[in-house]
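Notes follow the structure.
The values are calculated or read from the model by the stated rules, or taken from the named source; none is laboratory data. Keep in mind that what you see is a predicted model, and the values were worked out from it rather than measured. No Cβ is skipped: glycine too gets one built from the backbone with ideal geometry, and neighbour counts run over all protein chains shown.
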Amino acid sequence: MKPRQAPTPLTVPLTVALATLTSIVSAAPPPGQLLSSMCAQCHGTNGQAVSGIASIRGKNADEMYKKLLERSKRPPENIMDLQARAFTSAQLRQIANYLASLAPVESGTGDE
Ligand code: HEC
C-alpha cells in the first residue's frame, strides 16, 4: 500500500502567495479614484483647489455627473469641455461618485 503523502513543500509558498494576493486585491483603489486623479492638475489633489479653479470634491454626485455628461457631448467651448470628452459616460459616473464621496471643502481653503 502507498504511504500517505506529507503536505508538499509547495503548500507553504502557495499559502503565502494567496495571502499576498488577497491583500493586493483589498488594497485596490476605490472605483473612480484613478480616473479622478486626471482632474488634479487643474482642480487640485483630491479635487481640492489650491487657487483660481473651483474645488470639485464633496459635491452632489448626480449633478456633477449631469454637468460632465453635458460637457462631453456639446461642441467644446473651453478646456473643461475637452476634459469631459476624454471619458465614457460610465467613467464620468465613476468620477462623479468618487469625488462626491470625499468630504466637502471647508470655506477659506481655496474654494472660490
Ligand atoms: C486642464 C485643466 C482642467 C482639468 C484637467 C479638469 N478641469 Fe474641470 N474645469 C477647468 C476649468 C478651467 C473650469 C472652469 C471653466 C468652466 O466651468 O468651463 C472647470 C470647471 C469644472 C467644473 C464646474 C465647476 C463648477 O461647479 O462651477 C467641474 C464639475 C469640473 N471642472 C470637473 C472636472 C473633473 C471631474 C475633471 C477630471 C475628469 C476635471 N474637471 C479636469 C479645468 C480643468
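Table for the structure above
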{"read-out": "Residue pairs meeting the criteria (Cβ under 9 Å; at least 6 apart or on separate chains; first within 15 Å of SER36 (Cα to Cα) and near the ligand (Cβ under 10 Å from one of its atoms), in the stretch 53-75; second among the charged types (D, E, K, R) and at pLDDT 95 or above)", "value": "TYR65/ARG93; LEU68/ARG93"}
{"read-out": "Out of ALA103, ALA40, ALA19, sole residue that is in a helix (DSSP H, G or I), of a type in the set (Gly, Ala, Ser) and under 15 Å from the mean Cα position of the chain (by Cα)", "value": "ALA40"}
{"read-out": "Meets criteria (assigned to a helix (DSSP H, G or I), at pLDDT 90 or above and under 22 Å from GLU106 (Cβ atoms)) for SER72", "value": "no"}
{"read-out": "Residues being polar (S, T, N, Q) and within 9 Å of the ligand (Cβ to nearest atom) - total across the stretch 15-49", "value": "3"}
{"read-out": "Index of the failed condition, ILE95 passing every other in (1) part of a loop (DSSP other than H, G, I, E, B); (2) among the β-branched types (Val, Ile, Thr); (3) within 10 Å of the ligand (Cβ to nearest atom)", "value": "(1)"}
